[in-house]
Amino acid sequence: MLEKVIEVDHLRQTYDGRNFVVDDVSFYVSKGEIYGLLGKNGAGKTTTIRTMTTILPVHYGKVRILGMDVSENAERIRKRIGVVLQNESFDFASVERNLKVYGMLWDVPREVLKARIEEVLEVFDLSSLRKVRAMELSGGQKKRLQVAREFLHDMDLLFLDEPTVGLDPIMRRSVLNYIRDKARKGLTVLYTTQIMEEADYLCDRIAIMNKGKIVAEGTSSDLKAKYGDLKTIHVIISGELDYNSLKVKFPEDVIVDNDEIRIVSKNVEDILPDLIIYLKARGIRIERISVEESSLDDVFLKVVS
Amino acid sequence: MIPPSLRLTARNLIINTDPGTLLFLIGLPSFYLIVLGLMFQALIPNVFFEGHSISYAQFLSPGVVAMQPFIAGSIGGSMLWSDRRWGMFEQLLVGPFHRIDYLLGIIYVSMIFSVGGAMLMFLVSYLLTGFVIHYVVNIILIILVLLVSSILFTSLFLVLSVFIRTIQTYNTVTMFIFFILDFASSAFYPINTRTPIGLRIISYANPLTYIVDSVRDMMFASLNRSDLIYVMIVVVLSALFFIFAALSYRKAKI
Ligand SMILES: Nc1ncnc2c1ncn2[C@@H]1O[C@H](COP(=O)(O)OP(=O)(O)OP(=O)(O)O)[C@@H](O)[C@H]1O
Ligand SMILES: [Mg+2]
């Protein structure tokens, strides 16, 4: 039985007391695992992270981190976790000073800190920027500094809230590899992203969040088997459409939004001719039609509907 | 192992302190001392104070010493602003600290600034009037009063930074409070029966009055029972403000 580093149990969170932006979320993460939280803007990923990192009090449910309840052991938990926030955060100083001060805040021994600063400057390609002031860095460079900083101190669990936003593809890959390397050495990672391939590459297990709920969860191969090689038919029509009969005719997931029909399926080639015949028989005009690779968005729509 | 609050203090000194601005702000009251002190000294005969006859500039010097905790407090409050501005507030809240450590980190820095500023004021006052203090041991008492007052004013400004939405408003409110506290106090003139009743009430509702009065007694006279009461008032107010700051900062928007 693997040690559970994160246990979230029927968590519900609200900012205004009425809308639950995290709504009955349960999951666990085992030691050494990289767990991905995927979801669109506003899905509730950051709110979930804020709860796990002790910033937000738990409204309903239970959250245990490293075996401790977040409501009771916030300080003890914070000493053992690292957090890369989604929002920009840095000190008003040079890259090097940012790293030194951050290591000092974590009470990293001087010699260890020195070596680690050199390591992260190298890994995150910041060596040539060490004297540059943080607010003069580009967006991606700031993000790199923010992620690099978190690897200066020891920790058992690392939260990364969309850490690769703004990174170029080469840097993105090397950051992902670095994280994976740390996980192999026993670090547990909770990772959020909106990019499916990234989660696929990095994460042992993935949860897809939508509107505050986890709508799908599994290893990346589980999810791939379920949602892989999906395609989406988009049709723009004019004319009255009987949604229910369409639904009966095409039991695959059909979403109708005003005059737009979306069908997400693995075998669009079979469905497409039938759909055209079906629409033609009812005197509905097709204004536009297209078949596309499913985006993350389509997977969501499929999972939600 | 260095306690977390001291690590945060060190960070605030390294990151959130701009030496030029700092020197300007804590040096500002020395202009009162030089300009007002010298100007009014020509108009006002010596002030009789607790059996001593002192010049107006001497009378004013405890006032400018006692302004230091206020100035240091406002600098402390603005540190919360810059931490929020650069996103470090939230980052520090998930850091390896107790929540109160963040407040202490700012209060300690204010204490350092306020004692440092007071020393600067003593220096200016000495150069101007040739007088520092009657009883050297009282220096320790003055430092204690300054430290406690730093808690009071830093807490006040931390509360303001939590509730005020924009930095412009924060600065305006700071200026406003600065004027009210400075001029409706015993810093510039003695509060006595000749003082208009309205001003007298405001002055005695003003913590700066008690700080100035106790510092003045510690500089020029021997201590008496009223000083003990003044110091008690300052201690109680500081404790209340600190609790208020600790509670309101839990609500701080990130
Ligand atoms: N501080 C806040 N006050 C009020 N509402 C908030 C606050 N932060 C987030 N919300 C709301 O909570 C919901 C979930 O937001 P959250 O930041 O958790 O989403 P997310 O999945 O991290 O999105 P993104 O991918 O854009 O970062 C959103 O509808 C948002 O408007
Ligand atoms: Mg987010």
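The values are calculated or read from the model by the stated rules, or taken from the named source; none is laboratory data. Note that this is a predicted model, so its numbers are computed, not measured. Note: ideal-geometry Cβ built from the backbone for every residue, glycine included; neighbour counts use all protein chains shown. With ligands, DNA and RNA removed, areas are computed over all heavy atoms of the protein, side chains included. Shrake-Rupley method; radii C 1.70, N 1.55, O 1.52, S 1.80 Å.
Data table
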| item | result |
| --- | --- |
| Segment B:115-182 - Kirkwood radius from inverse mean 1/r over Cα pairs (Å) | 14.3 Å |
| Residues with amide H under 5 Å from that of B:PHE49, placed H, sequence gap 5 or more | B:ILE54 |
| Shielding score for A:87-95, defined as the mean number of other chain Cβ atoms within 10 Å | 5 |
| Solvent-accessible area per residue, Å², over segment A:149-281 with all protein chains present [probe radius 1.4 Å] | 46 Å² |
| Percent RCO, i.e. relative contact order, over chain A, from Cα pairs under 8 Å lying at least 6 residues apart | 20 percent |
| Most to least packed among A:207-214, B:69-76, B:223-230, B:186-193 [average Cβ atoms within 10 Å] | B:69-76, A:207-214, B:186-193, B:223-230 |
| Sparse-neighbour loop sites [GluC sites (Glu not before Pro); segment A:218-282; at most 11 other C-beta within 10 Å; DSSP] | A:GLU240 |
| Share antiparallel - DSSP beta bridges, chain A, percent rounded to 5 | 70 percent |
| Inter-chain shielding of B:95-102 (mean C-beta neighbours from other protein chains, 10 Å cut-off) | 4 |
| Between segment A:17-83 and segment A:227-255, the Cα center-to-center distance that results, in Å | 37 Å |
| Whole-Å semi-axes of the protein assembly as shown's equivalent ellipsoid (Cα gyration tensor) | 63, 26, 20 |
| Total formal charge among the other residues, if their Cβ is under 13 angstrom from that of B:VAL159, Lys/Arg +1 and Asp/Glu -1 | +2 |
| Using θ = phi - 60° and Karplus 6.51 cos²θ - 1.76 cosθ + 1.60, couplings along segment A:37-52 (whole Hz; Gly, Pro as x) | 10, 10, x, 6, 3, x, 5, x, 5, 5, 4, 5, 5, 4, 6, 5 |
| Virtual spin-label span in nm between B:LEU36 and A:SER174, 7 Å along Cα→Cβ | 6.0 nm |
| Student exercise, segment A:146-305 dipole from Lys, Arg, Asp, Glu Cβ charges, in Debye to nearest 20 | 200 debye |
| Distance in nm between pseudo-label sites at A:ARG282 and B:ILE201 (7 Å out along the Cβ direction from Cα) | 7.9 nm |
| Chain B, relative contact order in percent, only Cα pairs under 8 angstrom and at least six apart counted | 25 percent |
| Accessible heavy-atom area order of A:MET155, B:MET232, highest first, probe of 1.4 Å | B:MET232, A:MET155 |
| Relative contact order (percent, whole number), segment B:101-159, Cα cutoff 8 Å, 6+ residue spacing | 53 percent |
| Segment A:1-91 - Rg and Dmax from Cα coordinates, angstrom | 13.1, 42 |
| Ordering of B:49-60, A:118-129 by packing [mean C-beta count within 10 Å, highest first] | B:49-60, A:118-129 |
| Which of A:GLY42, A:VAL101, A:SER127, positive extreme of dipole for chain A (C-beta unit charges) | A:VAL101 |
| Within 10 Å of each Cβ in A:69-80, the average number of Cβ atoms from other chains | 2 |
| Set A:LYS40/A:LYS100; A:LYS131/A:LYS185; A:LYS79/A:LYS182; A:LYS40/A:LYS231 screened for pairs whose C-alpha atoms are more than 29 Å apart | A:LYS40/A:LYS100; A:LYS131/A:LYS185 |
| Reachable aspartates and glutamates, given that their alpha-carbon falls under 19 Å from the alpha-carbon of A:LYS249 and they are not under 8 places away in the same chain | A:GLU240, A:ASP257, A:ASP259, A:GLU260, A:GLU269, A:ASP270, A:ASP274 |
| B/A buried area, accessible surface, summed, 1.4 Å probe, Å² | 2300 Å² |
| Estimated vicinal HN-Hα couplings, Hz - segment A:150-167 in sequence order (Karplus 6.51, -1.76, 1.60; Gly, Pro = x) | 6, 8, 6, 10, 6, 7, 9, 8, 10, 9, 10, 9, 6, x, 9, 4, x, 8 |
